[in-house]
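The values are calculated or read from the model by the stated rules, or taken from the named source; none is laboratory data. The structure displayed is predicted, hence computed values, not measured ones. As a convention, Cβ positions derive from the backbone with ideal geometry for all residues, glycine included, and neighbour counts pool all protein chains shown. These area figures cover heavy atoms from the full protein model, side chains too; ligands, DNA and RNA do not enter into them. Shrake-Rupley method; radii C 1.70, N 1.55, O 1.52, S 1.80 Å.
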Amino acid sequence: MQSKKTMANHSFDMLTESSEFMNLVLDNITNCVLLLDKDMRLQAFNKALKTIFSNKADEDLLYMRCGEAIGCAYQIEEAKDCGKTSKCCTCELRLAAFDSYLNNSIIYKKHIRRPFFTQNGEREMKDLQFSTRQFYFRKEKYIILIIDDITGKVPPSNVPEEK
């Protein structure tokens, strides 16, 4: 009889043999899965990103900075690049991603509340839960940022708000 540890290690073996299967799994996860480089530019993402965040329909988001890809209200309202607005130095998503990249920190299920723009050009507050982690692929360092929209699922008083 196999131990639980052995079974767990083999449970995803089929993924290593099929990138098509792995892509299907990622695209069917309801959380946004973002792969960012050292400049916080989007290198890959799943379909949930466009469903939850993209403020422009059918836009190619690849290589955009994170805030630009997710429709950050501050970046749009200040008409500045992500990383250069007055709020970027306190952006919890950005700080967590950099912390993971620079210090190999694991950020797990952190909550924030902040404004985003919708595809209709409307500003809306979203409650987010996110996690970050650093990893290497082909000798390059990346950050995986997983975001879940928890708007309406938690009392607003439990989520720190960015203004």
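Data for the structure
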| quantity | calculated |
| --- | --- |
| Where a residue in the stretch 79-91 is more than 19 Å from Lys38 (Cβ to Cβ) and its partner, wherever it lies, is surrounded by 19 or more Cβ atoms within 10 Å (Cβ to Cβ), with Cβ under 8 Å and at least six apart | Thr85/Gly67; Thr85/Cys72; Thr85/Tyr74; Thr85/Gln75; Ser86/Tyr74; Lys87/Tyr74 |
| Test set (1) of a type outside the set (A, V, I, L, M); (2) out of contact with any strand residue (DSSP E or B) (no Cβ under 7 Å at 6 or more places or on another chain); (3) open to solvent by 60 Å² or more (accessible area, probe 1.4 Å) - Arg41 fails condition number | (2) |
| Number of positions in the stretch 80-102 that are open to solvent by 70 Å² or more (accessible area, probe 1.4 Å) and in a helix (DSSP H, G or I) | 4 |
| Cross-chain or 6+ apart pairs with Cβ under 6 Å, the stretch 101-115 first and within 9 Å of Arg133 (Cβ to Cβ) and free of Cβ contacts under 8 Å to residues at least 60 places away in the same chain, then part of a helix (DSSP H, G or I) and acidic (Asp, Glu) | Ser105/Asp99 |
| So Met1, is it open to solvent by 70 Å² or more (accessible area, probe 1.4 Å), assigned to a loop (DSSP other than H, G, I, E, B) and modelled with pLDDT under 90 | yes |
| Residues (of a type outside the set (D, E, K, R), part of a helix (DSSP H, G or I) and without any contact (Cβ under 8 Å) to a residue 24 or more places away in the chain) located in the stretch 52-78 | Gln75 |
